[in-house]
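Presented below is the structure to which this report refers.
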Number of protein chains: 2
Amino acid sequence: MPQSDIVTAALVVIGEEILSGRTADENISYIAAYLTRAGITLREVRVVPDLEEEIADAVNALRGRFTYVFTTGGIGPTHDDVTTDAIAKALGVGVVVDPDAVAAMRKHFSEAELTPVRLRMARVPEGATLVGNAISRAPGYRIGNVIVMAGVPRIMQVMLDAVLPSLDKGRPILTRSVRVDAPEGDVAPPLAALQGAHPDVQIGSYPFFEQQRLGTYIVLRASDPEGLQSAYDSLWTIIVENGFAALRSEDE
Amino acid sequence: MPQSDIVTAALVVIGEEILSGRTADENISYIAAYLTRAGITLREVRVVPDLEEEIADAVNALRGRFTYVFTTGGIGPTHDDVTTDAIAKALGVGVVVDPDAVAAMRKHFSEAELTPVRLRMARVPEGATLVGNAISRAPGYRIGNVIVMAGVPRIMQVMLDAVLPSLDKGRPILTRSVRVDAPEGDVAPPLAALQGAHPDVQIGSYPFFEQQRLGTYIVLRASDPEGLQSAYDSLWTIIVENGFAALRSEDE
């Protein structure tokens with residue numbers, strides 16, 4: 001597909017709790033599927049600790065390579081929430097208190113609740129635009145091509161919905177997949193030939209191990225529906241010719 | 001804790017299927033918890049597509065910074081399994097067919113099944129040492145400080161068990177955690193003071209959103225049991241003094 005049809009993204013997950021194994025991340029798979037459906041191709045994910053320099057390094061390494069960089073986590077009010085300072089450092093700008101963020105927090109909190117610590121959440125890098133969030137009023141924001149979101153899945157999801165309309169999208173990638181009850185070693189040779197015959201379709205094979213047996217999921221991905229259908233038809237010819245037991249996947 | 005007590009790791013997850021959102025990764029949280037228990041601190045994770053150059057770049061960026069780099073995925077027999085070539089490229093060595101890997105596969109496969117495609121799985125970067133795997137006989141391996149494992153969770157787990165005895169370990173990190181039914185904004189000020197008083201204990205706070213309410217998990221981590229207990233006692237004093245509803249976490 002032509003280059004202009006491709007919109008790419010990277011994701012930086014900020015979270016000591018993921019790296020220590022305390023919490024299993026839920027955001028990566030949610031964001032990956034969400035962006036894919038929207039026509040944005042997620043190309044890299046990094047999980048980094050809650051340290052200013054490591055966050056800044058990751059954002060700077062990625063923001064020049066991809067259309068968008070999303071981050072999750074580290075925008076709350078506590079001492080280990082250093083994402084905003086890290087993003088400001090990465091972009092070489094200062095940190096300001098955003099009046100709209102303060103106004104939004106005033107609707108949610110009483111004057112007594114609006115402590116200096118809570119007001120920390122209204123700090124954003126200079127030049128940032130707020131992203132709506134109806135739950136906690138701790139704002140996400142966008143600055144340049146970097147989109148900064150909360151780490152709590154439910155709140156992150158609201159922010160993603162809020163920011164999506166303003167983003168560029170490419171042609172959505174269509175997928176078809178088949179489950180074959182044969183090990184990858186049996187499937188590999190005809191699959192390599194299929195890939196050779198359909199260079200515009202990305203053909204992936206993913207082994208699985210279930211009930212003491214190895215099998216293979218075969219996934220075809222393309223933005224052109226006709227090219228995808230043609231490769232899919234050829235795949236079924238291969239399956240029949242080789243006598244593989246196979247099942248159309250129900251997940252699309 | 002003294003520098004010599006710290007053994008660090010990074011993880012490179014190789015998988016287009018994770019980035020497309022088709023498959024939710026299970027390996028990150030498993031490996032994170034496993035290494036933490038073993039006294040190895042996971043410091044960064046990267047998820048990259050099945051592309052030789054991107055895998056090689058990630059491994060090269062990480063192997064100088066951490067004690068170990070683990071990889072998962074891309075060592076099967078199909079056309080999109082390019083991890084071995086990528087690792088060889090990253091380390092500047094050639095790829096060889098490992099006679100021990102071929103011998104192991106001979107025990108598992110008949111001569112007819114031992115096709116050239118299957119024998120691809122016996123290819124390793126020159127200088128690699130095999131890591132045992134009783135399930136699929138597609139070997140994982142270690143070369144320098146890079147440990148290459150399968151992507152299928154059950155097989156990866158067997159490989160991790162096989163390689164662990166040969167790895168250096170630091171002092172295990174101990175953790176205690178408390179669930180507080182108050183938003184982070186209320187918890188933040190005393191928590192910052194607690195962190196100031198206990199610099200050797202890493203104090204993390206993780207907001208959650210449950211039944212329409214925001215709450216906070218507070219996690220204390222340290223390698224020294226006495227320092228940890230002292231910070232934990234102080235945390236409970238804070239909880240009582242502030243009248244927070246709190247619950248000892250059951251997960252440790």
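Structure notes:
- Members of region B:42-58 that are more than 8 Å from every other protein chain (Cβ to nearest Cβ) and crowded, with 24+ Cβ neighbours inside 10 Å: B:I55, B:A58
- From the list A:V163, A:V158, the lone residue that is without any contact (Cβ under 8 Å) to a residue 60 or more places away in the chain, crowded, with 18+ Cβ neighbours inside 10 Å, away from chain B (no Cβ under 14 Å) and assigned to a helix (DSSP H, G or I) is A:V163.
- Within the set A:A38, A:A32, the sole residue that is in contact with a Leu (Cβ under 9 Å, 6 or more places away or on another chain) and more than 8 Å from every other protein chain (Cβ to nearest Cβ) turns out to be A:A38.
- Of the numbered criteria (1) surrounded by fewer than 24 Cβ atoms within 10 Å (Cβ to Cβ); (2) farther than 26 Å from B:L174 by Cα, the one B:D5 fails is (2).
- Per the conditions (1) buried (at least 18 other Cβ atoms within 10 Å of the Cβ); (2) small (G, A, S); (3) modelled with pLDDT under 95, the sole criterion not satisfied by B:G39 is (1).
- Inspection of region A:128-147 finds a residue satisfying the criterion of being hydrophobic (A, V, I, L, M, F, W, C), within 16 Å of the chain's Cα centre (by Cα) and part of a strand (DSSP E or B).
- Considering (1) farther than 29 Å from B:A24 by Cβ; (2) in a strand (DSSP E or B), the lone condition that B:R221 does not fulfil carries the number (1).
- Region B:5-26: number of residues that are more than 7 Å from chain A (Cβ to nearest Cβ) and touching a Pro at 6+ places or on another chain (Cβ under 6 Å): 1
- Looking across region B:188-218, the residues that are under 19 Å from A:P139 (Cα atoms) and outside any strand (DSSP E or B) come down to B:A188, B:Q212.
- Inclusion of A:V82 among residues that are in contact with a Leu (Cβ under 8 Å, 6 or more places away or on another chain) and closer than 23 Å to B:L191 by Cα is warranted.
- Condition check for A:P190: surrounded by 15 or more Cβ atoms within 10 Å (Cβ to Cβ) and either within 29 Å of the chain's Cα centre (by Cα) or within 11 Å of chain B (Cβ to nearest Cβ) (or both): yes
- Unique residue being more than 9 Å from chain A (Cβ to nearest Cβ) and of a type in the set (F, W, Y) when the list is B:Y141, B:Y217, B:Y206: B:Y141
- Boolean, A:R63 is in contact (Cβ under 8 Å) with a residue 12 or more places away in the chain, within 11 Å of chain B (Cβ to nearest Cβ) and either of a type outside the set (F, W, Y) or in contact with a Lys or Arg (Cβ under 8 Å, 6 or more places away or on another chain) (or both): no
The values are calculated or read from the model by the stated rules, or taken from the named source; none is laboratory data. Note that the structure is predicted; figures quoted are calculated from it, not measured. Note that we place each Cβ from the backbone using ideal geometry, even for glycine, and neighbour counts take in every protein chain shown.
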